[in-house]
Amino acid sequence: MTATVVPTETRAMDLLRFATAGSVDDGKSTLIGRLLYDTKSLFTDQLAAVEAVSAARGDEYTNLALLTDGLRAEREQGITIDVAYRYFATPRRKFIIADTPGHIQYTRNMVTGASTADLALILVDARKGLVEQSRRHAFLCSLLRVPHLVLCVNKMDLVDWSQEVFERIADEFTAFAAKLEVPDLTVVPISALHGDNIVSRSERTPWYEGSSLLHHLEHVHIASDRNMVDVRFPVQYVIRPQSTTVTDYRGYAGQVASGVLKAGDEVMVLPSGFTSRIAGIETADGPVEQAFPPMSVTVRLTDEIDVSRGDLICRPNNAPAVTQDIEAMVCWMDESRPLRIGAKYAIKHTTRSARAVVRGLHYRLDVNSLHRDESADELRLNEIGRVRLRSTVPLLADEYRRNRTTGGFIIIDESTNRTVGAGMIVETG
């Protein structure tokens with residue numbers, strides 16, 4: 001069994017997380033399979049298994065979509081249900097791919113995959129053009145503040161590599177994206193099945209002057225997308241060694257959400273408001289002088305103050321809102337019961353858990369026309385609306401556009417313990 005060995009120098013390279021999106025059968029899984037195949041990121045037995053399954057199904061070609069469609073139900077139906085995560089690397093950058101479902105029934109899974117993405121690939125079948133689900137996924141990527149969007153006009157081979165078809169779809173999507181505050185949009189004509197414009201430029205599109213998809217993924221600038229100004233460190237766990245030989249150690253473990261933490265910095269702990277200084281920062285590999293997102297670290301303070309799981313460390317003069325009232329855009333994910341005014345749920349915000357009641361539903365949004373239905377009194381499966389919530393304990397929150405970690409939360413049905421909604425905070429207080 002052999003696989004491509006990642007050179008040592010690439011391990012220090014930055015990591016790009018990207019998600020695929022689009023309607024059913026637009027070729028998302030095939031595209032990812034093509035990227036893995038053409039970058040030689042497959043084990044030989046993986047490829048052999050896919051070739052065997054393809055032959056058993058009667059396919060005349062190696063069906064690369066099977067590399068990501070891992071569930072038996074997906075292979076039988078030929079659609080993606082769950083979010084499949086895959087890793088590959090090139091000499092320039094490391095990648096984590098989230099292959100998200102295209103079917104409207106599994107839009108909630110698409111939200112999961114895109115919520116942590118730096119970039120989203122939205123695939124469109126060149127024969128069909130933009131469909132409702134294409135617009136829905138573009139809107140969700142905008143709502144989730146995915147900073148970079150790439151529209152892949154797939155199956156260009158089935159429209160004879162028509163420049164007219166490509167430009168018509170590109171113009172239509174660009175006009176729609178202009179309403180969504182998309183900061184960076186790129187459009188690429190591809191054939192995922194045959195590999196055109198995936199890893200290298202295709203001779204079949206001499207009229208296309210842009211780069212190949214992989215070249216764009218390797219070179220898109222993501223360092224400035226992270227918030228390095230607002231220090232936000234949600235405390236996940238308080239470390240107190242049980243050893244009798246170590247009695248004076250107290251550390252606060254978690255993942256840096258934004259900003260830069262340095263030894264000696266003055267910090268404040270919320271919600272108590274007590275201040276202290278950072279005595280030291282430690283990782284699994286030893287102490288470091290500074291920490292930045294998305295590092296997982298343990299922070300020690302110079303003063304003995306009460307800090308618990310769910311608290312947040314920030315700067316004294318740059319703090320999030322401490323509030324029990326939030327306005328949020330909510331994507332509803334429960335197919336059995338809709339969100340209604342007066343309903344009570346559990347919510348998880350960073351490392352803090354609380355209960356909350358729905359105080360109001362301002363409007364439901366039509367993802368195609370972006371029309372606001374202010375007469376709506378509920379949100380059903382996959383519907384999006386602006387909701388007002390009041391929590392039982394104060395939340396340490398920022399607006400989602402400012403910080404995706406402290407501005408996002410999930411809604412949980414306490415009776416079933418299922419995640420039934422995802423929220424993006426629009427306004428605090």
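The values are calculated or read from the model by the stated rules, or taken from the named source; none is laboratory data. Bear in mind that the values here come from a model prediction, so they are computed numbers and not experimental data. Cβ placement follows ideal geometry from the backbone for every residue including glycine, while neighbour counts extend to all protein chains displayed.
Annotations
- Residue in segment 388-404 that is under 25 Å from the mean Cα position of the chain (by Cα) and among the β-branched types (Val, Ile, Thr) present: no
- Qualifying residue in segment 330-337 (condition: of a type outside the set (D, E, K, R), over 30 Å from residue 367 (Cα atoms), in contact (Cβ under 8 Å) with a residue 24 or more places away in the chain and not in a loop (DSSP other than H, G, I, E, B)): no
- Selection count, segment 128-165, where residues are more than 15 Å from residue 26 (Cα to Cα) and not small (Gly, Ala, Ser): 15
- Screening 166, 139, 173 for residues that are in contact with a Pro (Cβ under 9 Å, 6 or more places away or on another chain) and either of a type in the set (D, E, K, R) or part of a helix (DSSP H, G or I) (or both) leaves exactly one candidate, 166.
- For segment 366-406, filtered to residues that are free of Cβ contacts under 8 Å to residues at least 40 places away in the same chain and either outside any loop (DSSP other than H, G, I, E, B) or not assigned by TED's automatic domain parsing to the domain that holds residue 348 (or both), the residue that is surrounded by the fewest Cβ atoms within 10 Å (Cβ to Cβ) is 373.
- Meets criteria (of a type in the set (D, E, K, R), in contact (Cβ under 8 Å) with a residue 12 or more places away in the chain and surrounded by 17 or more Cβ atoms within 10 Å (Cβ to Cβ)) for residue 414: no
- Residue 319 vs. criteria within 18 Å of residue 229 (Cα to Cα), surrounded by 14 or more Cβ atoms within 10 Å (Cβ to Cβ), of a type outside the set (D, E, K, R) and modelled with pLDDT of 95 or more: yes
- Any hit, segment 185-199, residues being in contact with a helix residue (DSSP H, G or I) (Cβ under 7 Å, 6 or more places away or on another chain) and among the hydroxyl-bearing types (Ser, Thr, Tyr): yes
- Complete set of residues in segment 283-312 that are β-branched (Val, Ile, Thr) and in a strand (DSSP E or B): 283, 288, 297, 298, 299
- Those residues of segment 212-239 which are in contact (Cβ under 8 Å) with a residue 12 or more places away in the chain and assigned to a loop (DSSP other than H, G, I, E, B), in sequence order: 212, 220, 222, 226, 227, 228, 229, 230, 231, 235, 236
- Taking segment 370-429 as the range and being at positive phi and at pLDDT 90 or above as the test, only 417 passes.
- Restricting segment 146-164 to residues that are among the β-branched types (Val, Ile, Thr) and in contact with a strand residue (DSSP E or B) (Cβ under 8 Å, 6 or more places away or on another chain), the residue that is nearest to residue 110 (Cα to Cα): 146
- Residue within segment 348-359 that is on the phi < 0 side of the Ramachandran plot, touching a helix residue (DSSP H, G or I) at 6+ places or on another chain (Cβ under 7 Å) and not polar (S, T, N, Q) present: no
- One residue alone among 150, 188, 199, 124 is more than 21 Å from the chain's Cα centre (by Cα), touching a residue at least 12 places away in the same chain (Cβ under 8 Å), assigned to a strand (DSSP E or B) and assigned by TED's automatic domain parsing to the domain that holds residue 37, and that residue is 188.
- Residues in segment 315-325 that are in contact with a Gly (Cβ under 8 Å, 6 or more places away or on another chain) and under 20 Å from residue 392 (Cα atoms): 321, 323, 325.
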